[in-house]
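Participant: Shown below is the structure under consideration.
The values are calculated or read from the model by the stated rules, or taken from the named source; none is laboratory data. Quantities reported herein were computed from a predicted structural model and do not represent experimental measurements. Using ideal geometry, Cβ is built from the backbone for each residue, glycine included, and neighbour counts are taken over all protein chains shown. We work out accessible area using only protein heavy atoms, side chains counted, and drop any ligands, DNA or RNA first. Shrake-Rupley method; radii C 1.70, N 1.55, O 1.52, S 1.80 Å.
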Amino acid sequence: MLDKTFNPKDVEGRIYAQWEASGAFRAGRRPGAEPFCIMIPPPNVTGRLHIGHALNNTLQDILVRFERMRGKDVLWQVGTDHAGIATQLIVERQLAERQQSRVAMGREKFLEAVWKWKDESGGAIVQQLRRLGASADWSRERFTMDEGLSRAVLKVFVELYRQGLIYKDKRLVNWDPRLQTAVSDLEVENIEVKGNLWYIKYPIEGEMGQFITVATTRPETMLGDTAVAVHPNDPRYATLIGRNAVVPFANRPIPIIADEYSDPEKGTGAVKVTPGHDFNDFEIGRRHNLPLINVLNKDGTLNDQVPGAYRGLDREQARKVILADLEALDLVDRVEPITHSVPHDEKTKTVVLEPLMTEQWYCNVKPLAEKAIKAVEDGRTRFVPENWANTYFNWMRNIHPWCISRQLWWGHQIPAWYDEEGRTYVAMSEAEAQAQAPGRTLMRDPDVLDTWFSSALWPFSTLGWPDETPELKRYYPTSVLSTAFDIIFFWVARMMMMGLHFMDDVPFHTVFIHTRVLDEKGTKMSKTKGNVIDPIDLVDEFGADALRFTLALAAGTARDMRIGASRVEPNRNFGTKLWNAARFCEMNGCIAQPGFDPAKVSLAANQWIVAETAQAAADVTAAIEALKFNEASAAVYHFVYDVFCDWYLEICKPVFNGTDDNAKAEARATAAWARDQLLKLLHPFMPYITEELWARTAEGGPARGTLLIEAPWPEFAALPKFEDARRELNWVIDLVSGVRSVRAEMNVPPSAKIALVLKDAGETSRATLARQKEVILQLARLVTAETIDTLPKGTAQFVLGEATVGLPLGDVIDFAKERARLEKELKKANDEIARFDAKLSNAQFVSRAPEDVLTEQREKRAEAAATAARLKEAVARLSS
């Protein structure tokens, strides 16, 4: 007997252990089946499950459970990323708490400490994925620094180097002065901060008392200026072009040049040019052949290129001292408080040094990008939604060399060695490098590779490459990649380039880009706002099924989705509805019958539910195949909640309570069959409650033979359509729904038993009313239901097909009073619509309002319009 309530905490751990023990997650158990493979975006080993992870992994799990039930050989390849910067930061902080440092410890001991941390504390996110119900093949779990993947990284680096695609170069890079490493342009987060714009006067060489004024947010870099630029058509500076200004304190003359980069409308129209510390200035310097002066050390302090008074000062100190000295010389014209965007390292939140000229390793990805662009153009890989292909193309067609080296210790150390004369030897091992340089002493490059370098190889390195493994042959190219839009550049594009280059094929056929998750109010989550939602908290409160179903329902093709406790709770209630329906079936003897053939049921209600089940299976299948997770979950929700629970079981009640044993037996068997099918359809979305019901509802009936996770997916193309039964029952449902609407709108007391009359009904409607009268009377709470030629006075009415349905309510409600009430509510709704229309047609409001506010206004306007339409219909239902 089913318990009165379903408690997720009592079953989730037990059921997950059953799944693992059964081997259901393991790939390769169906050698003759069609393969289906998804690569998990490997979460950082340092990470904890956030709501974005929960969304993405729920969608992946829906796909793998669906395809597993369809009989495919499913591999959901799981693993974690070594997360170079994030992991090194964690361990360095722990060392600092014990008054230790990485440098004092030395590289070898430090790496031992990192591996120890990884073994003891890393990978917590993997356990959290299990809590969510992820059915990944844990037996194949990989780590981006395990032995096999490390070998793949070495081979790729060596081959690309030998092909001339990896090289060393001295270029401007974003530099993190705290970690003292290069940072990818993609890893720079621009954060709005309050600051100042200082207007500084540069003396004109040879002209006492004459100045050119430039505006800057970084006075400390002025000591590296090598020009002042003005627009060639700016008449204010026409006589100064070609002359020199003098850099204060450095007393260095620099040319005043004409360049269209200068905007006459911004600041003074004159800009300081510092090629060594700004990407735009670097390009200006190249156009005008300007020298490049670096005034900063790698730790962010000023170096020996500046006057002695400023050497060794950090950036903030130097700014204060330089500004004070400028003030003393009356060289500060004015100061404007501003809010401006400042580049930060997205991981450390350290203000990134204005670009620093350093020697780094680069990968020339342009030749690789050309093949990756063509693969998407040709349709070998498609984006869903397809508009994301434009984002991909835009970046790939404007791609720059990839800076792949990082000045860290944790990561894949670059396989390059140098001899005493600085010659470079790139090899798979030190022994191989030494063989290239007999008799020479070699020193290995201390740098490591960008974390995304190893991640780019994930689709084939995890399958055993560079070895030619059976898994590589079977599962590559993979089927679908599900990921977030913000790593199209970091990861998707790089996997495409590496996969095509080394495997001569795309790494995946479809890239699904899921929506962004916001809080309940439509606001981006952040720790500073205090609105970050921990998915495990939601799992603890409502169960994994409720969270998963909420995420699936919200996973439309729009860019953003909202999540929060108030949105998860209704889906916990949905689970309760399902549980109660299963208990109702159990209490009424609905047990699966051996040999039951849904094609042979004879009662209209049973034929209707068989046809509705087949339709639901087709709808859910088509939506999942199209990666329309919201439509799939909405379809199964409608079938379970509305069709099965609210209509079919209610229609069956008179049968269950009746005396016709044959009808009762058919209804019981059909209800059990439909219940089993809906458990299958719902399983990919809500695996725990469906697996529990699958086991528990088998008690007293034939053995299931398999866990639900491996039960066959419903396929009913061969079943009869039962069109007559569908028409009949849908007519009954429309009739009862109309009666219920009238009762609610007219404030008819729930206990009041009323009559129904049907005017102008055709033969089919009359026959349906006669056959289904008992069901109609019970579901609509009626005393009678008859056909009639003329509607009596005081009748509320609505149209149903060719007929008019009348509810004589003259003795139940005051028609005049009820019409006045409805008209007053209708006016209120129309006034509300007018207010929303006024706002949304106001161009100034629309241009200034945040997108989440506009979305909320549009949603409220739609709700008001629906209310007005309903009230207008209700007024019309009142006969004169």
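Participant: Kindly establish whether R572 is open to solvent by 60 Å² or more (accessible area, probe 1.4 Å), touching a helix residue (DSSP H, G or I) at 6+ places or on another chain (Cβ under 6 Å), within 30 Å of W647 (Cα to Cα) and of a type in the set (D, E, K, R).
Facilitator: It is true that R572 is open to solvent by 60 Å² or more (accessible area, probe 1.4 Å), touching a helix residue (DSSP H, G or I) at 6+ places or on another chain (Cβ under 6 Å), within 30 Å of W647 (Cα to Cα) and of a type in the set (D, E, K, R).
Participant: In addition: Consider F157 carefully, then state whether it is in a helix (DSSP H, G or I), open to solvent by less than 10 Å² (accessible area, probe 1.4 Å) and in contact with a helix residue (DSSP H, G or I) (Cβ under 7 Å, 6 or more places away or on another chain).
Facilitator: No: the conditions fail for F157.
Yes/no matrix, rows are residues, columns are (1) within 14 Å of M39 (Cβ to Cβ); (2) surrounded by fewer than 19 Cβ atoms within 10 Å (Cβ to Cβ); (3) touching a Gly at 6+ places or on another chain (Cβ under 7 Å):
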| site | (1), (2), (3) |
| --- | --- |
| F453 | no, no, no |
| L457 | yes, no, no |
| K473 | no, yes, no |
| T483 | yes, no, no |
| D486 | no, yes, no |
| F489 | no, no, no |
| M496 | yes, no, no |
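Participant: Follow-up question, since we're still on this one. Could you please give the count of residues in the stretch 117-136 that are over 22 Å from the mean Cα position of the chain (by Cα) and either farther than 27 Å from K155 by Cα or open to solvent by less than 30 Å² (accessible area, probe 1.4 Å) (or both)? Step through it out loud before you land on a result.
Facilitator: Here is the first cut: in the stretch 117-136, the residues over 22 Å from the mean Cα position of the chain (by Cα) are 117-122.
Imposing the further condition that a residue be either farther than 27 Å from K155 by Cα or open to solvent by less than 30 Å² (accessible area, probe 1.4 Å) (or both) reduces the set to 117, 120-122.
Counting residues in the stretch 117-136 that are over 22 Å from the mean Cα position of the chain (by Cα) and either farther than 27 Å from K155 by Cα or open to solvent by less than 30 Å² (accessible area, probe 1.4 Å) (or both) gives 4.
Participant: Could you list, ordered by first residue, the pairs with Cβ atoms under 8 Å in which the first is in the stretch 391-419 and touching a residue at least 40 places away in the same chain (Cβ under 8 Å) and the second is open to solvent by less than 30 Å² (accessible area, probe 1.4 Å) and basic (K, R), at least 6 apart or interchain?
Facilitator: From the stretch 391-419, the pairs are W402/R494.
Participant: A further question on this structure: Quick one: in the stretch 645-685, which of the residues that are open to solvent by 30 Å² or more (accessible area, probe 1.4 Å) and among the acidic types (D, E) is nearest to the chain's Cα centre (by Cα)?
Facilitator: Across the stretch 645-685, the extreme among qualifying residues is D646.
Participant: Any idea which of (1) at pLDDT 95 or above; (2) open to solvent by 40 Å² or more (accessible area, probe 1.4 Å) is the one R171 doesn't satisfy?
Facilitator: Only one criterion in (1) at pLDDT 95 or above; (2) open to solvent by 40 Å² or more (accessible area, probe 1.4 Å) is unmet by R171, namely (1).
Participant: I'd like the residue in the stretch 858-880 that is open to solvent by 60 Å² or more (accessible area, probe 1.4 Å) and touching a strand residue (DSSP E or B) at 6+ places or on another chain (Cβ under 9 Å) and, out of all such residues, is farthest from D811 (Cα to Cα).
Facilitator: Looking at the filtered set, the residue picked out is E873.
Participant: Please go through the stretch 831-857 and pick out each residue that is open to solvent by 60 Å² or more (accessible area, probe 1.4 Å) and in contact with a Phe, Trp or Tyr (Cβ under 8 Å, 6 or more places away or on another chain).
Facilitator: K839, the sole residue that qualifies.
Participant: Right, D330: more than 19 Å from D169 (Cα to Cα) and acidic (D, E) or not?
Facilitator: On the way: more than 19 Å from D169 (Cα to Cα): yes; acidic (D, E): yes.
Spelling it out, D330 is indeed more than 19 Å from D169 (Cα to Cα) and acidic (D, E).
Participant: Output yes when any residue across the stretch 383-398 is within 25 Å of Q88 (Cα to Cα) and open to solvent by less than 10 Å² (accessible area, probe 1.4 Å), and no when none is.
Facilitator: To start, the set of residues in the stretch 383-398 that are within 25 Å of Q88 (Cα to Cα) comprises none.
So far as the stretch 383-398 goes, no, none of its residues is within 25 Å of Q88 (Cα to Cα) and open to solvent by less than 10 Å² (accessible area, probe 1.4 Å).
Participant: In the stretch 616-644, which residues are closer than 30 Å to R382 by Cα and surrounded by fewer than 17 Cβ atoms within 10 Å (Cβ to Cβ)?
Facilitator: We begin by selecting, within the stretch 616-644, every residue closer than 30 Å to R382 by Cα; these are 616-637.
Selection gives A618, A622, E625, A626.
Participant: Within the stretch 498-520, track down each residue that is open to solvent by less than 20 Å² (accessible area, probe 1.4 Å), modelled with pLDDT of 95 or more and not hydroxyl-bearing (S, T, Y).
Facilitator: Scanning the stretch 498-520 gives M498, G499, L500, V506, P507, F508, V511, F512.
Participant: Within the stretch 344-395, work out how many residues are part of a strand (DSSP E or B), modelled with pLDDT of 95 or more and among the polar types (S, T, N, Q).
Facilitator: 1
Participant: Moving to a separate point now. How about the stretch 7-116: which helices (runs of 4 or more DSSP H) wholly inside it have at least 3 residues that are in contact (Cβ under 8 Å) with a residue 40 or more places away in the chain, over 25 Å from the mean Cα position of the chain (by Cα) and under 30 Å from N571 (Cα atoms)?
Facilitator: Values: elements: 8-22, 51-69, 84-97, 102-105.
Once the helices (runs of 4 or more DSSP H) in the stretch 7-116 are filtered for at least 3 residues that are in contact (Cβ under 8 Å) with a residue 40 or more places away in the chain, over 25 Å from the mean Cα position of the chain (by Cα) and under 30 Å from N571 (Cα atoms), what remains is 8-22.
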